[in-house]
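What follows is a short report on a single structure.
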Amino acid sequence: MELKIEARNVDLRQGWQERIKEEKEKLLRHYPNLVLHLRVSIEATPGRKEGGFEIKLVAAIPQDTVVVTREAESVRAALTESFDVLTLQLKEIQRKKRKNQKAPAESAIDQVGLIKKVSPLEAYGFIVTPDQREIYFHQNSLKGCSIEKLQEGDSVIFGETVGDKGPQASWVRAA
């Protein structure tokens, strides 16, 4: 993640920079590969009634930009609040991304494969595709057949989707 820190109308203090770098490390730990670029702007606002400081975080993420602006009497308080809000927004973006990936969208093209392994007691199995990829399936994805009747080597037609741990079948039918 690229980090840029700017200060306007105020000298940038070492403590603020350290705090920003700590928060950056937290973001990298909790949201790896999500934030591509982060710009932190600290501006003194003496001309406003309340005075104080304005913190602006601009985080570039794939296909979007997240902007957080906070005002406070102290920079440290505004930094903490700004990064907390950014973290919440990134969490929500990841949640929506996972939800969209889990949506049961059937493939436009049905795929054919062979049952590689079936575990009726655990309610799952694996399909091997002609290009030797393994696709996970759960018994809930079966249409028109039961997991007890499937055997290794049976031919099936399935729709592939992306699951939490890789490719999985959103539906499976005996061929």
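The values are calculated or read from the model by the stated rules, or taken from the named source; none is laboratory data. Bear in mind that the values here come from a model prediction, so they are computed numbers and not experimental data. Cβ coordinates were reconstructed from backbone atoms using ideal geometry, including for glycine residues, and neighbour counts include every protein chain displayed.
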### Query
Checking residue 145 against (1) exposed (fewer than 12 other Cβ atoms within 10 Å of the Cβ); (2) part of a loop (DSSP other than H, G, I, E, B), which test does it fail?
(1)
## Note on the structure
Within the range 148-173, of all residues that are at pLDDT below 90 and either assigned by TED's automatic domain parsing to the domain that holds residue 97 or not in a strand (DSSP E or B) (or both), the one nearest to residue 98 (Cα to Cα) is 164
### Query
Can you tell me which residues in the range 123-137 are on the phi > 0 side of the Ramachandran plot and out of contact with any strand residue (DSSP E or B) (no Cβ under 8 Å at 6 or more places or on another chain)?
132
### Query
For the range 14-52, what are the residues that are touching a strand residue (DSSP E or B) at 6+ places or on another chain (Cβ under 9 Å) and of a type in the set (D, E, K, R)?
21, 23, 24, 39, 43, 48, 50
### Query
Which one of these is in contact (Cβ under 8 Å) with a residue 12 or more places away in the chain, over 30 Å from residue 98 (Cβ atoms), assigned by TED's automatic domain parsing to the domain that holds residue 88 and acidic (Asp, Glu): 54, 18, 23?
54
### Task
Just name the residue that is nearest to residue 17 (Cα to Cα) out of those in the range 60-82 that are exposed (fewer than 15 other Cβ atoms within 10 Å of the Cβ) and hydroxyl-bearing (Ser, Thr, Tyr).
74
### Query
If you go through the range 83-105 one residue at a time, do you hit one that is assigned by TED's automatic domain parsing to the domain that holds residue 67, crowded, with 19+ Cβ neighbours inside 10 Å and either touching a residue at least 12 places away in the same chain (Cβ under 8 Å) or outside any strand (DSSP E or B) (or both)?
yes
### Message
Exactly one of these conditions fails for residue 75: (1) within 28 Å of the chain's Cα centre (by Cα); (2) touching a residue at least 60 places away in the same chain (Cβ under 8 Å). Give me its number.
### Response
(1)
### Task
Scan the range 44-59 residue by residue and report those that are modelled with pLDDT of 95 or more and surrounded by fewer than 19 Cβ atoms within 10 Å (Cβ to Cβ).
56, 58
